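Heads up, the thing below is written out as structure tokens.
The values are calculated or read from the model by the stated rules, or taken from the named source; none is laboratory data. Worth saying up front: this structure is predicted, and the values here are computed from it rather than measured. Virtual Cβ from ideal backbone geometry, glycine too; neighbours counted across all protein chains shown.
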Amino acid sequence: MASNTFGTIFAVTTFGESHGPAIGCVIDGCPPGLAIDSEMIKAELIRRATGRSRHTSQRKEKDDVQILSGVFEGKSTGMPIALLIENTDARSKDYSRIKDQFRPGHADYTWHKKYGIRDYRGGGRASARETTLRVAAGAIAKAWLKQEYNIEIQGWLAQLGSIRTDTVKDFSVVEDNPFFAPDASVVPELETFMDALRKSGDSVGARVNVLARNVPVGWGEPVYGKLDAELAAAMMSINAAKGVEIGAGFEAVAQKGTQHRDAMKAGDNKVEFDSNHAGGILGGVSSGQDILVSTAFKPTSSLRLPVGGLNIAGEEVEIITTGRHDPCVGIRAVPIVEAMLALVLMDQCLRNKCIN
């Protein structure tokens with residue numbers, strides 16, 4: 001199975017399955033001298049973790065990070081950084097009844113047809129458990145971007161089902177509620193909605209936005225190395241992602257050119273823009289404005305509600321998925337989209353020789 005490595009110079013290769021003994025990654029290309037320890041990584045993993053509230057899967061992993069190489073006396077050495085995280089709360093028996101069935105909306109059917117074998121325990125390699133490693137590597141990328149360029153990356157839940165969660169943007173409250181919502185007033189409505197949804201056994205989708213501030217002008221490449229194209233590919237590689245917008249995104253369809261074009265004027269020692277419909281990227285290259293990316297996540301397909309499906313013999317069967325699943329995967333996606341944005345930016349910077 002190829003395609004387990006993300007990035008060109010700052011490259012992250014992940015391994016492991018949802019219900020295997022451990023998951024891990026190897027990070028190549030991290031410059032030397034960056035302060036790294038397991039606690040800084042775990043702080044990000046805690047934000048992504050299941051079991052933090054009643055609104056997510058109740059699988060509770062310790063997510064203790066072992067740094068096996070590439071760090072000496074608390075700093076990166078420039079050598080490959082290897083991270084290992086043991087799986088401590090997998091319950092494989094929950095999946096025994098569907099081992100010969102293809103769950104609709106999952107990778108079960110396509111992966112079985114492609115490889116002739118699949119790990120049915122929690123989805124195996126297709127599980128969102130793999131994103132733990134993206135967040136771990138993203139913690140390192142975030143730290144480097146902050147140290148070298150004062151780049152700040154902030155994600156938030158912008159919409160859950162039909163409920164807009166960012167009508168008021170107060171990023172100081174994002175970490176104070178289980179939804180990563182920047183509008184504290186909408187949290188009670190979200191609680192009520194999710195409680196009813198969980199009771200019904202159904203699921204719902206979500207939109208997650210992420211912003212990068214202080215990105216210099218000039219990151220990215222024209223044509224096939226566009227920064228926005230790589231950001232879109234990075235976000236679409238996340239489990240359950242079904243759509244990506246940069247800046248105004250699909251709203252640009254209804255805008256006129258006089259509205260969408262971001263007028264420029266001379267500012268104090270830098271160019272200023274009247275708006276940012278382009279999302280901080282022009283012609284595939286960063287403009288110096290805030291980079292804004294929005295990702296849509298589909299509803300969870302693993303439900304206790306019965307659905308018609310097929311088994312490996314091609315027979316029609318009724319499928320009921322038991323176990324511990326998120327009624328809305330988008331809630332925990334906020335740290336993941338932050339990590340993917342950080343990984344793309346760091347790799348683009350190193351490829352464009354942006355080191356001071």
Every residue from the range 205-233 that is part of a strand (DSSP E or B) and more than 14 Å from the chain's Cα centre (by Cα)
Ala212, Arg213
Every residue from the range 234-272 that is farther than 15 Å from Met340 by Cα, among the aliphatic types (A, V, I, L, M) and not in a helix (DSSP H, G or I):
Ala248, Ala263, Met264, Ala266, Val271
Would it be correct to say that Arg198 is assigned to a helix (DSSP H, G or I), touching a Ser or Thr at 6+ places or on another chain (Cβ under 6 Å) and either buried (at least 19 other Cβ atoms within 10 Å of the Cβ) or not small (Gly, Ala, Ser) (or both)?
no
Among (1) assigned to a helix (DSSP H, G or I); (2) of a type in the set (Ser, Thr, Tyr); (3) more than 30 Å from Val12 (Cα to Cα), where does Thr167 come up short?
(1)
Consider Ser302 carefully, then state whether it is buried (at least 19 other Cβ atoms within 10 Å of the Cβ), in a strand (DSSP E or B) and out of contact with any Pro (no Cβ under 7 Å at 6 or more places or on another chain).
no
Looking only at the range 294-325, how many residues end up being touching an Asp or Glu at 6+ places or on another chain (Cβ under 7 Å) and over 27 Å from Ile117 (Cβ atoms)?
2
Only residues in the range 221-236 that are over 16 Å from Met346 (Cβ atoms) count as the first member; pair them with residues that are modelled with pLDDT under 90 and among the aromatic types (Phe, Trp, Tyr), Cβ under 9 angstrom, at least 6 apart or cross-chain, and list the lot.
none
Looking at (1) of a type outside the set (S, T, N, Q); (2) modelled with pLDDT of 90 or more; (3) in a helix (DSSP H, G or I), which is the only condition Ile67 fails?
(3)
Kindly indicate which of Gln289, Gln255, Gln259 is among the polar types (S, T, N, Q) and under 23 Å from the mean Cα position of the chain (by Cα).
Gln289
Over the range 157-195, the set of residues closer than 18 Å to Arg48 by Cα, surrounded by 19 or more Cβ atoms within 10 Å (Cβ to Cβ) and either of a type in the set (D, E, K, R) or touching a Phe, Trp or Tyr at 6+ places or on another chain (Cβ under 6 Å) (or both) is Leu157, Val174, Phe180, Pro182
Identify, please: which residue in the range 113-152 is in a loop (DSSP other than H, G, I, E, B) and not hydroxyl-bearing (Ser, Thr, Tyr) and is, among those, nearest to the chain's Cα centre (by Cα)?
Ile151
